[in-house]
Structures are given as structure tokens and as C-alpha cells.
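Below is one structure; the comments refer to it alone.
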Amino acid sequence: MTQWVTPPLGFAPLCILAVLLLQNADLALSRRPEPYYGRLIGTLTQYAHGIRGTVYAVDENTIFVRGFAYDGTGPDAYFWVGDSPQPSPEGTLVPYPEDYSSRDPPILSRHNNSDILLRLPAGKRLRDIKWISVWCRRFTVNFGDVFINPRLEPPRPRVLPEFKRLAHGLRSGNISVLDAKTFYIPNLHYDGAGPDAYFWVGNGTEPNPFGTKVPNEMGSLNPLRGYQGEDIEIQLPGKMTAYDIDWLAVWCVEYRHNFGHVYLPKDLDVPPALGQTKITPAWWYNPTSSTSSQTPFSTTNNCKEILDKRLQVRWEIQGDQVQITLAARLRKEQYMAFGISGAEGRPAMLGADVVVAYWDTKSNQPRVADYTITHLAQCDGERGVCPDQRLGGSNDAVLVSGQQKNGITTITYRRPLAAKEPMKDKEILTSRSQSVIAAFGPLNSRYEANAHSFMDTTRNDVQLDFGAQEEPACVGLAELAAGGPAPWPARVLAAQRSFTARIGPAGGARGYTPITGHPSWGIAWYINDQLIPEIYVERGQTYTFLVEGGDDRTNPAKFHPFYISDSSEGGFGQKREEDQRKQRVFAGVAYDNEGYPYPTAVGRYCEWTHKTIDQAATSETFEDYMRTLQLECNEGEPAVLNWTVAHETPDLVYYQCYTHNNLGWKIHVVDPGTPVPIPGDQGARINSADTFPLLSTALLLVTLTLTALCNMAGR
């Protein structure tokens, strides 16, 4: 008969404590004490001249002497190593410093508590020597020594697997951890098409948004360029070491996508980072890179996008001032405003302290003005949305610079951190985050902000820490560089009932961004192997989409369900419930029994990938660009999405990605018999039966022109 034994009181807590202790022990084994100098060899024994120091094995070729002292009076003293039973003249000289310029190694000079890194000469390794000495050659005298335990195992570089291949052609050879801060990545390939991709490290079971950027091989924190089989070395920033992280990845910050990663083992035992690892020089940097600039990171990269990413705010603390740059696509006679909220924890216009920035079209100059908001009405000289100067105060906003380029207005100004006028100004904090507000609006006849037309304002609490070294969090306003390559003409698909939907590169400055005006994260929909064409469909007709956007939910970078919506942004699945209700979905989304949405157009993954790196900038036509791509498809079948266009469908909808923003473009919905463009034909028009009189074409053009003029007049 089985006897059940009741555990004594307190047994369960003890078990839990034991588990926790084991977990902590495992964590301790995976970390190294700070500071870590390597495997301890011993302490130098002093025989003469005040020799002192603790000796460590950094790796099998390198020795570190911590706190070295020597009075410097020996006439011919050097660091000296050998394999004899005791230090002797038969040893080998170890030069210090290593990079001496004279013909002979320099005689050891005076030291007081110095940290010294020694490299064993002539290919010697620690296993080849038995002792380290400070030795005087002229008088064959040993001033001090330490002996090496023959069983000592010095730390060694650790070889890891290659990057996991998830997106954008990322692959590499086996990655090595050379020391606690340095990674060697051989044969690195990456197409460079991710707009906001970086080397990225962090903790957890898989790469996540809570990581840290790692500078590239040039020490830059610009988005990664393309690589074609290059061998590079990168170093972890600050005081971070390989013992502090669980993985190294290539990660797209803005779109939170993992392009590929490698895990670091818990039993990592690599050399400390004491300067012994020589970083590969970057003079061989490829000037044909898709990244136009590789300047070092600076604090001016602090950036936040607000107002649905239509306003960029950059800042930099300069003594007792803060310099702020605002950038947005402004209409004529429109302002942008930014400042401190009138209440902490919510966006309050009333009582706010803001700076209004705009472009003065009369003088063709940028302007900035310090404002106080005492009432939600136009300024009447006593209260309202008023410039401080109009209320008898001072304009504390000082214009620094401004420009209008490629449709974007950029204005930089400077203002004090302190509240110079407590009744009108608010202090900008550098010790913690605070609530900020922003707005767009029209200027009145006095070139002042019109409070009655605050159509675009912050609706939720936005926090900004001016004093922190924030990570740059801006992906751009779809600005196209002046003098850059001309964009490819937009594509049109009409009079077709069947479509394939695959993934492909966004085409850089020639493709998605100039076509849509939206920033891209490097990939987009290819419909019938055309980059985001505009599709024309008829009400009442049924259309079939064969979707090959991926079916592996565990790899978000390659999971792109297809759906049709009235949202120009897409990303239904990543939106909050209240934001989902703002979209109308016409195909590709269903709801389960509990009312939760799920995508229905989930098929195998097919992607047009770069044969080398992104060649958009050098491809004059889209056809040229397609010749630089190759189609790669996983096993499986495409999803089939049949869409019958309802009669109440709006004139303009969009094909999109369920899980991500900004992959698709327009679907024009027309009534039966309406003329639509012929693909590839300039100016010709046909109806759905592929015939349409030229007179109707002319009438359509006139109608479209009049409609556009009416829309402009109604703005």
C-alpha cells in the first residue's frame, strides 16, 4: 500500500528558495565580476626597485599587469618571460610599449600604479612560458617575478553560429566573440534596404524592442548600409559587455522587426576587453553603400515624432538653453507649434507655453515666436493664444536657422531652460520626463496662430525627457534628397480579375517613398510583380488575389497577411481596438467566436530579394531594377482571397498588410463602364471591356481636372 508522506511545514517555500538559488547561481556563472581582467596568474614578488602588481591572463597571447609599480632606476630593465625553472638570461624580452618607434625596444621607465597590457612576442603563448619577470639584462638581475600555473586555462574567443536568416538577405559566417566587447562577423551579407536597421543587443528569449543599438564597424549609429560578404568587427557601447546580453541581432527599430540574430551561450568565457583586440580599420568602407552618410552619432540625433508622425522634434541641451528643431510638411500660411503642456500627465492647451514656428511668405524667411495660451481663442491683446511680446512680455525663442526643401519646412530655434517669466513661461526639465504638446494650424492676417482652427493637436499625453540621451526615434518625413535619382513612374493595373501579391524591396528613393509620400521600412507589396501599382476594380465584380505574404507567425519579418481597407497606412492587427474601429475592412479579415479579428489571406512566403545589395539608386527603370532581383519562395501554397466589390464600396480603398504599416497602396473603385487607365500606356483610356471611344477619354480627363480644381477650391 502506498503511503503518502505529508511534507513538513515550510518545505514548499524551501523548494522555491532552492530553485531561485539555482537560477541565481546559473546567472552568476553567466556573468563576470566587474571589473574583469582575465584569469588571475598571481602577484609579482618584489626583490628590488619597488616592484608591485597583479598579473592576469587576458588570452593565450596577452598579459595584463594591474597596478604595476617600479622605481625606474634599473639601467637595462624589461619585462621578460621564459620556460626555464627560474628567471634567467635565456628568457625573451616583451617590449613595452608595444608600438615603439626606435630601433630597439625602450628600457622600462618608472611606473606608479600603472595598468599595463603585454603581448607575448614571436608567436609565443602562455602555455609556452613558466614565468614573467622584470629583468635587468646588463646585470642579469631579477627585480620581481610571478610563476604561471601549468594548469591555467586563459580565456579564449568564442565561436558562435551564423546569423539566423530571417529577412533582407541577412547571412554571415560563424560569428566570434573576440573579447567581452568585440564581435567579429565574417562574410556579412545584408541588402541595406531596411530604413532603420541597426546591430542590436539585449536580453530575453528572442530579440525585442527593449534592446540597445551597437555602432557599426566605423563607430557610427547611422542605419546600416548594405554588405556584400565583408568581414567586420563591432564593439558594444559604454560599459556593456557580452556577459550582459543574451543575443546579437540586426533589428529595424521603427518597425520592430528582427532581420536575423545569434544567441550568446550562458557559459561564455571570453577575454576581457582591455584594448588587446585590434578593431579592423574602416578605410576600406565601400562608397557605393546605400547609406549616404556615415557620420558619428551625436546628441543632436535626439528625435521624437508626434502628431501621427507628421511632426519631428529634435533637441539638444546647450548649457542653460535647449535648441529645438521642428520639421513638417506645412501648407502655405500654416504654422507648427511645440512646447510644454499646461498640465502634467495630459495634453492641455490652456496654460501651455509653446513656440509657434512658420515660414513668412512675404519676406521668405522663417519665424519663431514665444506664445502663452490663456484662453482658447484668437489673441485680443489681453488673453487668448498670444505671443508673449503682445502681452508685454519677451520673446524668449531665438531663431537659429530654417529652410524649405523638398516640401518640408525645417526651423531651428533656441530657448532658455528656465522660466524667465513665471506667469507666461514654463521650465524645461532635464531631470525627468514632462508632458509636451504640439499642433498645426492656420495663420491669421497678423501672422499669428489661429486658435479656432486647431484641427491638428496632440490628443494623448506625450512625454519627453529633454535631459536624457534618448535614442533617435524618427524615420523621416519621406524627404527625397535634392539632386537624387528620379523616381520610377507609378504603375497601374486595370482590366484584370486575378492578381498575385508577393513581397519585395521598396525601391529606395525611386520607389515606395516618392510614390506614396510615406516612409518605408524596406519592403512593399508587389502585385503581379509590379511595385505597389494602383489597381482599378469595378463594383459588382469579383477579383481573386493569390497571396504569398508568409504563414509563419513566429517570424514577424516574414508574416504579411493581405487585406483591403480604407486605411492608407494599414497594420490592422497591430492597432488598438479603438483604432481598429476607425478602419473599414472590405476583405481579408474575419472574426472568431469571441469577437477577435484574424487575417484570412495567409499563404506561403514569396519574396523578390536582391542578388547583391539594393541597386535602386543605379537602376534607371523599374525593369532594370527587376533584373537585379530574384524570386525566392518557401514551400506551400498561396492563400486565395476572393473579393466581390460591393456597390457601397468607397471610390478609394487600399491593399495593405495586416501586421505592418506602409506596405501597400491604392485600389480605385469605379462603376461598370467607367474608363480606366491602360497599364503602361501614356494617356490612353479604356473601359473594362478594353474598348472606349476617344471622345469619352477626353470627357474623362476634363471631368478629372474639374474635380481636382473643385477639391482645391474647397480646402
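The values are calculated or read from the model by the stated rules, or taken from the named source; none is laboratory data. Being a predicted model, the structure only gives us computed values, none of them experimental. Cβ coordinates were reconstructed from backbone atoms using ideal geometry, including for glycine residues, and neighbour counts include every protein chain displayed. Ligands, DNA and RNA are stripped out before the accessible areas are found, and what is left, the full protein with its side chains, is counted by its heavy atoms. Shrake-Rupley method; radii C 1.70, N 1.55, O 1.52, S 1.80 Å.
Numbers for the structure displayed
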{"quantity": "Residue match in the range 6-13 (condition: open to solvent by 30 Å² or more (accessible area, probe 1.4 Å), hydroxyl-bearing (S, T, Y), farther than 15 Å from S133 by Cα and modelled with pLDDT of 50 or more)", "calculated": "no"}
{"quantity": "Residues of the range 375-389 satisfying the condition of being out of contact with any strand residue (DSSP E or B) (no Cβ under 9 Å at 6 or more places or on another chain) and either modelled with pLDDT of 85 or more or part of a helix (DSSP H, G or I) (or both)", "calculated": "none"}
{"quantity": "The listed residue being acidic (D, E), within 32 Å of the chain's Cα centre (by Cα) and over 30 Å from R225 (Cα atoms), out of E635, E620", "calculated": "E635"}
{"quantity": "Filter result for P514 (in a loop (DSSP other than H, G, I, E, B) and open to solvent by 10 Å² or more (accessible area, probe 1.4 Å))", "calculated": "no"}
{"quantity": "Matching residues in the range 305-317 - criterion: being in contact (Cβ under 8 Å) with a residue 40 or more places away in the chain, touching a helix residue (DSSP H, G or I) at 6+ places or on another chain (Cβ under 8 Å) and surrounded by fewer than 18 Cβ atoms within 10 Å (Cβ to Cβ)", "calculated": "I317"}
{"quantity": "Residue ID - most open to solvent (accessible area, probe 1.4 Å), chosen from residues in the range 250-273 that are among the aliphatic types (A, V, I, L, M), in a loop (DSSP other than H, G, I, E, B) and in contact with a Pro (Cβ under 9 Å, 6 or more places away or on another chain)", "calculated": "V253"}
{"quantity": "Filter pass, P237 being in a loop (DSSP other than H, G, I, E, B), in contact with a strand residue (DSSP E or B) (Cβ under 7 Å, 6 or more places away or on another chain), within 20 Å of T277 (Cβ to Cβ) and not basic (K, R)", "calculated": "yes"}
{"quantity": "Qualifying positions in the range 129-155 - at negative phi and exposed (fewer than 15 other Cβ atoms within 10 Å of the Cβ)", "calculated": "R138, F139, N149, P150, R151, L152, E153"}
{"quantity": "When residues of the range 371-412 are limited to those that are without any contact (Cβ under 8 Å) to a residue 12 or more places away in the chain and of a type in the set (D, E), the one most open to solvent (accessible area, probe 1.4 Å)", "calculated": "E382"}
{"quantity": "Condition check for N302: among the polar types (S, T, N, Q) and either open to solvent by less than 40 Å² (accessible area, probe 1.4 Å) or at pLDDT 90 or above (or both)", "calculated": "yes"}
{"quantity": "Qualifying strands (runs of 3 or more DSSP E) (wholly inside the range 522-588; at least 1 residues being open to solvent by less than 40 Å² (accessible area, probe 1.4 Å) and under 17 Å from H168 (Cα atoms))", "calculated": "523-527, 542-548"}
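Yes/no matrix, rows are residues, columns are (1) acidic (D, E); (2) at pLDDT 90 or above; (3) assigned to a loop (DSSP other than H, G, I, E, B):
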| site | (1), (2), (3) |
| --- | --- |
| Y413 | no, yes, no |
| I437 | no, yes, no |
| P442 | no, no, no |
| Q469 | no, no, yes |
| V475 | no, no, yes |
| A490 | no, no, yes |
| Q496 | no, yes, yes |
